[in-house]
2 protein chains.
Amino acid sequence: MTRRRYYLEDVALDEAIRRFETALERVGGLRLPLAEVVALAEACGRLTAGPVWAALSSPHYHAAAMDGIAVRAADTLGATESQPLQLTLGTQAIWVDTGDPMPPETDAVIMAEHVQTLDETTLEIAASVAPWQHVRPLGEDLVATELVLPEGHLLRPVDLGALAAAGHATVAVRRRPRVAIIATGTELVTVEEAAKRTLEPGEIIEFNALMLAGMVNEWGGEATRLPPVPDRKDLLRATVAEALDTHDLVVVNAGSSAGSEDYTATVFGELGEVAVHGVAIRPGHPAILAVANGKPALGLPGYPVSAALTAELFLRPLVYRLQGMVAPKRPVIEATMSRKLLSPLGEDEFVRVALGRVDDRLIATPLSRGAGLVMSLVRADGIAHIPRFAEGVHAGASVNVTLLRDAAEIEGTLVAIGSHDLALDLLASHMRRLAPGTRLSSANVGSLGGLLALKRRDAHLAGTHLLDEATGIYNSPFIERLLPDEEIVLVHLAYREQGFLVPRGNPQGFAELRDLARPGVRFANRQKGSGTRVLLDYHLNRAGLSSDQIIGYEREEFTHMAVAAAVMSASASVGLGILAAARALGLDFVPLFSERYDLAIPRRHWQSPLLEPLRRTLADPAYQAAVAALGGYDVRHMGVVGPKHAPPPA
Amino acid sequence: MTRRRYYLEDVALDEAIRRFETALERVGGLRLPLAEVVALAEACGRLTAGPVWAALSSPHYHAAAMDGIAVRAADTLGATESQPLQLTLGTQAIWVDTGDPMPPETDAVIMAEHVQTLDETTLEIAASVAPWQHVRPLGEDLVATELVLPEGHLLRPVDLGALAAAGHATVAVRRRPRVAIIATGTELVTVEEAAKRTLEPGEIIEFNALMLAGMVNEWGGEATRLPPVPDRKDLLRATVAEALDTHDLVVVNAGSSAGSEDYTATVFGELGEVAVHGVAIRPGHPAILAVANGKPALGLPGYPVSAALTAELFLRPLVYRLQGMVAPKRPVIEATMSRKLLSPLGEDEFVRVALGRVDDRLIATPLSRGAGLVMSLVRADGIAHIPRFAEGVHAGASVNVTLLRDAAEIEGTLVAIGSHDLALDLLASHMRRLAPGTRLSSANVGSLGGLLALKRRDAHLAGTHLLDEATGIYNSPFIERLLPDEEIVLVHLAYREQGFLVPRGNPQGFAELRDLARPGVRFANRQKGSGTRVLLDYHLNRAGLSSDQIIGYEREEFTHMAVAAAVMSASASVGLGILAAARALGLDFVPLFSERYDLAIPRRHWQSPLLEPLRRTLADPAYQAAVAALGGYDVRHMGVVGPKHAPPPA
């Protein structure tokens, strides 16, 4: 098998944009789509294709502006409270409703409540009126031929009102730029297909095109998702060539690298000019900027975080420019970095961060940087940019963060850093139901990391399940040691079951801890320092078992899921973990121990209005029932405050 | 004809909301719509109906994270640059592409560029690797059963990616609240109908429902515009009753006052409970807050500005609450009021303002306050709230303004205050084409008002056409007098024709100024101090004509359009005005004089980057041609700087 080698360039970001612009200029620049005419009711969010002039004046006649009588102002002269004036109905005064045309020769309206009816034909007024009082003269609002809206105006509901008032039933708007999204990869399976059957290893659900199409539509474009193209150059070339004929912009995802089955750059090169192949950014290095058939053609990398970033950097400006607009600048704020972040010299790095205000500081916590982590896109509140001449950022340093979320939403965010648990996810969900403006941002760094985050004042709360082996007491010994100067409220969330993860049907019949010492058992353990390892050692000790007796005790896996995966793939016969991990991979679960999962919260936060929704949610029977329904949880003491309320049930 | 009298309440805004809430509570509060399941591609912008858990892990197998060879990390121990290690292809090393499943027993990937091919079966590596290097373990991104999104989450494109990766092809979202918009009024004509025929006086184009429906959709609701209902109680009642059965919220516009044909409150009262009828706000007093069939029912006033304001105050929160959300707070900024504003005690007044930054101050200029002025909705950048216990705001006072537009857009706004002209509207339109981020906000206060605005530093530029009768020179004498300490650049825009506005066909054959003195002529003049009046007097004087000779010289109209309307209605046989006024009403135009229309611009603004697009536009042949094409304009000196370049052509 012959392998092609990587020959990606390392073009600096600004230089890449320059080269791409030059290539575009060579073909005469971007070609803006023509206008189209749409009905007003369909026009919201569209851009006017040219200035719009009033076809009709508004009002198009002199109109009564009040319910009352239309009069000639001259006829009312001299009327006062002491010397009221009588007017004859029909000749000197005519009843009108708001909006009625002014009868001929009349030039003012007297409000109904200022008119006294004396008899069928005689009215009395107690004040004179000026000409044009309570009259909307023809064209008061809009004069025919007047400008209603300039070109390039983004149509809002009020603009539709003005256009209609000006006599228009339709409006010429710029056609949305048509953007073809071509997913490529033999391994791709559509979401619809994936929902119908079990995926084979190596098959990947196609979700980037869905995400990219959503972005294009959000930016004002009209995205077409074409069916995924297998890794064959001829097929990709035919699809791209056809898409270039019928769209204003073509995006291929992925095949943008330089591997043996990466054809995107080759195809672009055959159909036009590749301006850049490889940008010195992280993530997103294997991006392609090309021009073909006089149109921009982008190759975006396959990892979702890379695809999202390169779409933001290269696709977003194009979609706006194809509408004759400048992409609106996203707001940038200053935040304090909660952790040290290393970044390679020579690459512009874009790190997604979670944001939250703790005390008076806005804290930015970097999310896991794997380019494949679509959940980091979901969890991100902003993007920190680390320029290519910087080697990283110190913890506590100030960074500029481009906001992906409303600033107000970030101010309403509760920051949880520590051990993560499903019950915390449910808490986030239920809290939103009780208090829709509130949000829980939750970073998983383990129990100890959470307490240290509280010490650094980086979080409002920390989920923790630290068992003190010497005393058998959870959490409080650690808090006393680590946070001696801070008053911490320890709020109980739930007892959580840990147990054996075993193949479905539990063929080896695992039932109690000492079964680990049985012959033929291959155990998969967790890493030293993890809560589950501490729990195991504590209970082995209590049961008088030695680690020497357990085959596989030395095999360290780093997550509950890794243990479950080892059992599923039969490289281990049993592991220790939580019910959720067993469920996730369809394993059986044998409950063994109950451990205590608490929330450690500094008192100043616990009592703050920001945490009021959290306090309410913990007391909400619906939330308690939902956690209990997860399975593997005991919620009997949820919300109880203080370290000593109860040991975990035996 | 019997007239009903007004019996509207004057309920303070906060008390109105309280009463309405109490009425809602009596029927058990708002009933939230149920969930519905939609395909991912349709889900952007919707809210999750419940927490969404991963159905599948991502990746759902251990996956190669790089193109290269899959190996057992243990097999690579000891390899170094100086002592490379050889691996046998097929047994110790297997080529994999990114995304491929890891072959059984392998646990690491070595990147292709770090592998040397020796022969068909032998590879060489120069470094050892750690287990799991360049491997994405099963569930690295998402573990099946893990929370993907909480309840009430607004779905963005990245969320669709995560949902797809988690094995979902559809998602349960909250159904959009269905809002019925019922326009009522016998005088209403739909936009479609209005586009087909000439409107009669008294007929009004129905545009409020179009605007309200657009707003409801923008806020996340699903608006249905029902066909307009004539002013008949039985018809309105039947329509409202049916709408209440099939919608979550019903809006009637208008008939909300207490006039003889205002049935909205009566119908709401018969079908449920009217909590408030008449709120002490301006505009929008005759609003109705009711509950019928267990659902909210609003009666909004008929004037568009009143309808828009009451929709913002009462409808917007309801549409969001029906989605289980809190309506996002609009940003509020502090601005300097450019004019004094009087406001009645006892009413909360909401005044639409135009905003722009001039020097270091954000200037708020109140727009005309007529409730019927739909263009004030279009032009507004924000809303200033004058509380009911205040009598107004002084010029120069600081006010809080709720923003209706992006803050960045306001920073890019050129503020023009002064005499208004169509060519200025075209300038706004063309400037946007050249520089999409720029906006021209233009307030019409007359030439003199514009120069005074420059003096107060409230504007960047002022359109002016002030003729000095003594010297026959335009603008500069006034600028020297009014702005002696400021260096003003006088930029010529165009010469503008003034002439006779006469009935179509010019039956009386008006040709020159002295024709005004002919017997049988009824002239309509402009008010003293207007530019057109000054121009007339100047030319009468030059022609040796006396005002005594002209019948109607004393008849003062206040706008070009009012003069044109007088001619159209045959109450005058001739008037003096601009071509556009004649065109607007289908009159003929006899050009007489050319007047000079300039832009007065302080030098510090003229040279600023903010005005660069304006400088470019004035030099743009496309703009010049567009102004010339308007008719009645001479653009030969457009953009020439300085007061003395040329007199208006004779």
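The values are calculated or read from the model by the stated rules, or taken from the named source; none is laboratory data. A quick note: this is a predicted structure, and the numbers were derived from the prediction, not measured. Virtual Cβ from ideal backbone geometry, glycine too; neighbours counted across all protein chains shown. Protein only, heavy atoms only, side chains kept; ligands, DNA and RNA dropped before computing areas. Shrake-Rupley method; radii C 1.70, N 1.55, O 1.52, S 1.80 Å.
Observations, loosely collected:
- For the protein assembly as shown, the fraction of alpha-carbon pairs in successive 10 Å shells from zero, as %: 2, 8, 14, 18, 18, 14, 11, 8, 5, 3, 1, 0, 0
- Protein-only accessible surface at a 1.4 angstrom probe places the residues B:Arg136, B:Arg379 in the order B:Arg379, B:Arg136, largest first.
- Accessible-area loss of 50 Å² or more (1.4 Å probe, protein heavy atoms, chain alone versus all protein chains) is found in the stretch B:558-580 for B:Met561.
- Global form of the stretch B:541-650, assessed from the alpha-carbon gyration tensor, a/c cut-off 1.5: prolate
- Here B:Lys340 sits with roughly 130 square angstrom of accessible surface, probe radius 1.4 Å.
- Mean Cα-pair separation over length for the stretch B:462-634, i.e. relative contact order, pairs under 8 Å, 6 or more apart, %: 37 percent
- Relative contact order [Cα under 8 Å, 6+ residues apart], the stretch A:334-409, whole percent: 44 percent
- Members of the stretch B:415-438 that become less accessible by 40 Å² or more once partner protein chains are added (1.4 angstrom probe, chain alone as reference): B:Leu422, B:Asp425, B:Ser429, B:Arg432, B:Arg433, B:Pro436
- For the stretch A:63-136, alpha-carbon Rg over 2.2 N^0.38 Å: 0.96
- Rounded to whole Hz, the Karplus (6.51, -1.76, 1.60) HN-Hα couplings of the stretch A:247-254, x for glycine and proline: 10, 8, 7, 10, 10, 10, 9, 10
- For chain A, adding -39500 (n - 2.57) for each run of n ≥ 4 DSSP H residues and dividing by the number of residues yields -7000 deg cm²/dmol at 222 nm.
- Gyration tensor (alpha-carbon) shape descriptor, the stretch B:396-470, a/c threshold 1.5: oblate
- Overall form of the stretch A:334-409 per C-alpha gyration tensor (a/c, 1.5; a/b vs b/c): oblate
- GluC sites (Glu not before Pro) restricted to the stretch A:448-499 and DSSP loop, no more than 13 other C-beta within 10 Å: A:Glu469, A:Glu487
- Reduction of at least 40 Å² in accessible surface, 1.4 Å probe, comparing all protein chains with the chain by itself, residues of the stretch B:353-402: B:Leu373, B:Val374, B:Met375, B:Val378
- For A:Leu482, inter-copy separations between label points set 7 Å beyond Cα along the Cβ vector come to 7.0 nm, shortest first.
- Quotient of C-alpha Rg and 2.2 N^0.38 Å, computed over chain B: 1.35
- The H on the amide N of A:Asn293, modeled in the peptide plane, is under 5 Å from the matching H of no residue at least 5 residues off or on a different chain.
- Phi-derived couplings, Karplus 6.51 cos²θ - 1.76 cosθ + 1.60 at θ = phi - 60°, listed residue by residue for the stretch A:314-324: 10, 7, 4, x, 5, 4, 5, 5, 5, 9, x Hz, with x used for Gly and Pro.
- With label points defined 7 Å past Cα in the direction of Cβ, position B:Thr121 shows copy-to-copy spacings of 12.4 nm, given to one decimal and shortest first.
- Nearest-10 value in Å² for the accessible area of A:Trp95, using the 1.4 Å probe: 40 Å²
- Lys/Arg +1, Asp/Glu -1 at C-beta; the stretch A:63-136 dipole; positive extreme among A:Leu89, A:Val115, A:Thr76: A:Thr76
- Peptides A:512-523, B:105-116, B:74-85 ranked from most to least packed by the mean count of surrounding Cβ atoms within 10 Å: B:105-116, A:512-523, B:74-85.
- For the peptide B:585-597, the mean number of other protein chain Cβ atoms found within 10 angstrom of a residue's Cβ is 1.
- Surface composition of the protein assembly as shown: carbon and sulfur make up 53 percent of the accessible area, probe 1.4 Å.
- Per the Debye calculation on the stretch A:462-634 with a single equal scatterer at every Cα and no solvent contribution, log₁₀ I(q)/I(0) for q = 0.10, 0.15, 0.18 Å⁻¹ amounts to -0.45, -0.89, -1.14.
- Sorted shortest first, the separations between the B:Glu25 label point and its copies elsewhere in the assembly read 6.7 nm; each point sits 7 Å from Cα along the Cα-to-Cβ line.
- Basic side chains Lys and Arg get +1 at the Cβ, acidic Asp and Glu get -1 at the Cβ, and with that the dipole of the stretch B:282-361 about its Cα centre reaches some 180 debye.
- Highest mean first, the peptides B:177-185, B:315-323 sorted by other C-beta atoms within 10 Å per residue fall in the order B:177-185, B:315-323.
- Cα centroid of the stretch B:300-352 to Cα centroid of the stretch A:307-330, whole Å: 33 Å
- Note: relative contact order over chain A, using C-alpha pairs below 8 Å and six or more positions apart, is 10 percent.
- Between A and B, buried accessible area from a 1.4 angstrom probe totals roughly 8300 Å², ignoring ligands, DNA and RNA.
- Across peptide A:181-193, the average count of Cβ atoms from other chains found within 10 Å of a residue's Cβ is 2.
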